[in-house]
Amino acid sequence: MSRSAPELRPRAFPFPAIAASPRRIARAFALAAVLAARPAGAEIAARVVAVHDGDTITVLVEQRAVKVRLVDIDAPELGQPFGERARRSLAQLCFGKPVRLEIRGTDRYRRALARVTCAGTEANAEQVRRGYAWTFKRHAPAGSPLHAIESEARAAHRGLWADPAPVPPWKWRHDRRTGITRSGYSPPGSPERTSPPPA
C-alpha cells in the first residue's frame with residue numbers, strides 16, 4: 001500500500017480542477033500572498049498533499065491548495081542526478097503529514113517561502129543533512145545552521161555528495177537557459193535547449 005505513488009510522478013498534482021481552472025489557481029495564489037503578509041515568523045498549520053521535487057510541496061490551508069518552496073535550500077532539479085531521490089526523500093519526510101509553516105514571503109512564481117516542519121522534523125535542514133539539497137547561499141543568512149549541516153553532509157559523502165563533482169541546481173538552470181551542457185555546448189533544437197522548471 002502506497003498512497004503516495006501517484007503524487008511521486010514527475011509534476012504530479014492531485015487536484016486536476018485547480019490545474020484546469022485559472023480562477024482557482026488565482027485564488028490559491030491570492031492565499032499564498034495572504035500567508036506571506038502575516039507577521040514574520042508566523043506559523044501556520046497545514047497538511048502536505050503533493051511533493052513536486054526536493055524543495056517544493058503543495059499544502060492544504062483552510063481547504064485551499066498552496067504551493068510552498070522550502071526557503072534557504074535548493075534541491076537538484078528532477079532532470080539532474082539525485083533529483084528524483086531528493087523528491088522521494090522529501091515525500092518520505094512530509095507527504096500526508098501535518099506540517100507547520102514558518103512563512104518568510106513569496107517568490108516570483110507566487111509560491112509561499114517557508115521553513116517547513118513535518119511531524120516534528122524541520123524538512124529544510126533534513127534535506128540538506130541527507131545530502132539531497134544545497135544550502136541556497138544567495139539567500140540563506142550567513143549565520144544559518146544550514147551551512148554547517150551542508151559541510152557535514154559533504155564530508156560524509158551523503159546523497160548527492162557521493163558525486164565527486166555535483167552541479168548546483170542554480171548553475172544547472174542557468175546552463176540550461178543558455179544552452180550549455182557538461183560537455184560545453186548544446187546545438188539549437190536539442191533537448192538541452194528546453195527551459196527548466198522554476199527553482
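If I model a spin label at H147 and D163 as a point 7 Å from the Cα along the Cα→Cβ vector, what separation in nanometres do I get?
Computed distance between label sites H147 and D163 equals 2.5 nm.
Ranked from highest to lowest mean number of other Cβ atoms within 10 Å per residue, what is the order of the peptides 75-86, 123-134? Don't skip to the answer; put the middle values down first.
Values: 75-86: 21.0, 123-134: 25.1.
Output ranking for 75-86, 123-134: 123-134, 75-86.
Since every read-out is calculated from the coordinates, none of them should be taken as a lab result. Bear in mind the structure is a predicted one, so any value in this text is a computation, not a measurement. With ideal geometry, Cβ positions are generated from the backbone for all residues, glycine too; neighbour counts draw on all protein chains shown.
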